[in-house]
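So the structure is just underneath, and the comments pick up after that.
Laboratory data are not the source of any read-out in this text; all were calculated from the coordinates shown. Because the structure is predicted, anything quoted here is derived from the model rather than measured. Using ideal geometry, Cβ is built from the backbone for each residue, glycine included, and neighbour counts are taken over all protein chains shown.
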Amino acid sequence: MALNTAQLTLIEQRITNQGPSVAVAYLLWFFLGIISGHRFYLGRPASAILQIISFLILVGFIWLLIDAFLIPGMVRDKQDGIRQRLMTDMMAHGAA
């Protein structure tokens, strides 16, 4: 069963309202990067903890700079996960 246009539009609106924001992710990166706030925000707690630990050996600063380029992709991944969950939920409820 495929979702109709109205259902897909509803999903996209929910992603916009509930999903992560690139701007917020960058603000967290800038102000709370030392404690990996952006990675926790984007649902990546394991790599956030590794990043915090790596700061103790100075590798984390390089990782933090690399994240400046990875944030848009991380936001898209998080949004895709939300999109997939909403589509599955909508299809399950539509079939019931």
Practice task
Could you tell me what fraction of 2.2 N^0.38 Å the Cα radius of gyration of the chain comes to, as a two-decimal ratio?
Solution key: 1.33
Practice task
Please give the contour-minus-distance gain from Leu27 to Ile49: 0.36 nm per residue of separation, less the Cα-Cα distance, rounded to one decimal in nm.
Solution key: 6.0 nm
Completion exercise
Under the 7 Å Cα-to-Cβ spin-label approximation, Arg76 and Ile34 lie apart by a distance in nanometres of 3.2 nm
Problem - Rounded to 10°, Cα long-axis angle of helix 59-95 versus longest principal axis of the chain - result: 20 degrees
Exercise for the section: Output the peptides 53-65, 69-81 sorted from most to least packed, where packing is the average of other Cβ atoms within 10 Å over each peptide's residues. Expected result: 69-81, 53-65
Fill in the blank from the handout: In degrees, nearest 10, the alpha-carbon axis of helix 5-18 is tilted away from the dominant principal axis of the alpha carbons of the chain by 30 degrees
Practice task
Report relative contact order for the chain in percent, whole number only (criteria: Cα-Cα under 8 Å, sequence separation at least 6).
Solution key: 36 percent
Fill in the blank from the handout: Shape descriptors of segment 23-71 over alpha-carbon atoms, Rg and Dmax in angstrom, are 9.4, 29
